[in-house]
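Participant: Structure below; questions to follow.
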């Protein structure tokens with residue numbers, strides 16, 4: 001699931017839409033795997049994987065968004081690149097829900113950097129992943 005390098009992404013707030021969700025859209029030429037991190041009543045939780053094909057969009061968090069900040073990690077399934085950042089959380093290769101972001105490796109998980117999404121307290125938000133970039137830090 002973990003690719004190489006960093007990649008570009010675009011945040012698009014979606015005020016005025018009838019349905020409120022956190023959605024991720026894949027605007028790349030290949031498929032990507034998505035993981036999300038969020039704070040659930042004071043405890044950090046990471047979940048994955050959502051598989052998005054070329055030009056596919058999926059709802060990651062259904063309904064009105066309850067938090068201002070969410071965190072996403074995505075990897076190109078061809079291992080060309082990744083969308084990452086500086087918020088380190090736990091993931092694993094198989095489908096997962098992990099509570100807690102500390103001691104990832106000691107607990108048998110991988111530790112990867114997620115990029116932050118500031119929804120500006122909107123009830124709906126869409127993130128669009130663009131083509132992977134081979135250089136940079138991602139998540140900025």
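The values are calculated or read from the model by the stated rules, or taken from the named source; none is laboratory data. Predicted model, so just to flag it, every value in this text is computed and none were measured. Glycine also receives a Cβ, built like all others from the backbone with ideal geometry; neighbour counts cover every protein chain displayed.
Participant: Going by what's in this entry, would residue 85 be described as free of Cβ contacts under 8 Å to residues at least 60 places away in the same chain, over 14 Å from residue 23 (Cα atoms) and over 15 Å from the mean Cα position of the chain (by Cα)? Steps first, please.
Facilitator: Details: free of Cβ contacts under 8 Å to residues at least 60 places away in the same chain: yes; over 14 Å from residue 23 (Cα atoms): yes; over 15 Å from the mean Cα position of the chain (by Cα): no.
So residue 85 does not fit the description; no.
Participant: Also: How many residues does the range 40-97 hold that are buried (at least 17 other Cβ atoms within 10 Å of the Cβ), in contact with a strand residue (DSSP E or B) (Cβ under 6 Å, 6 or more places away or on another chain) and assigned to a strand (DSSP E or B)?
Facilitator: The number of residues fulfilling the criteria is 22.
Participant: Do we have residue 104 as without any contact (Cβ under 8 Å) to a residue 60 or more places away in the chain, crowded, with 20+ Cβ neighbours inside 10 Å and touching a strand residue (DSSP E or B) at 6+ places or on another chain (Cβ under 9 Å) here? I'd like the intermediate steps shown before the answer.
Facilitator: Working: without any contact (Cβ under 8 Å) to a residue 60 or more places away in the chain: yes; crowded, with 20+ Cβ neighbours inside 10 Å: no; touching a strand residue (DSSP E or B) at 6+ places or on another chain (Cβ under 9 Å): yes.
In short, no.
Participant: Here's another thing I want to ask about it. Any residue at all in the range 115-136 that's free of Cβ contacts under 8 Å to residues at least 24 places away in the same chain and surrounded by 13 or more Cβ atoms within 10 Å (Cβ to Cβ)?
Facilitator: In the first step, residues of the range 115-136 are kept if they are free of Cβ contacts under 8 Å to residues at least 24 places away in the same chain; the result is none.
No; the residues of the range 115-136 include none that is free of Cβ contacts under 8 Å to residues at least 24 places away in the same chain and surrounded by 13 or more Cβ atoms within 10 Å (Cβ to Cβ).
Participant: Being surrounded by fewer than 19 Cβ atoms within 10 Å (Cβ to Cβ), at pLDDT below 80 and not in a loop (DSSP other than H, G, I, E, B) is the filter here, so list the residues in the range 1-39 that pass it.
Facilitator: 8, 10, 11, 12, 13
Participant: Right, next: Look at the range 98-128 and say how many of its residues are at pLDDT 95 or above and part of a loop (DSSP other than H, G, I, E, B).
Facilitator: Residues that pass the stated criteria total 10.
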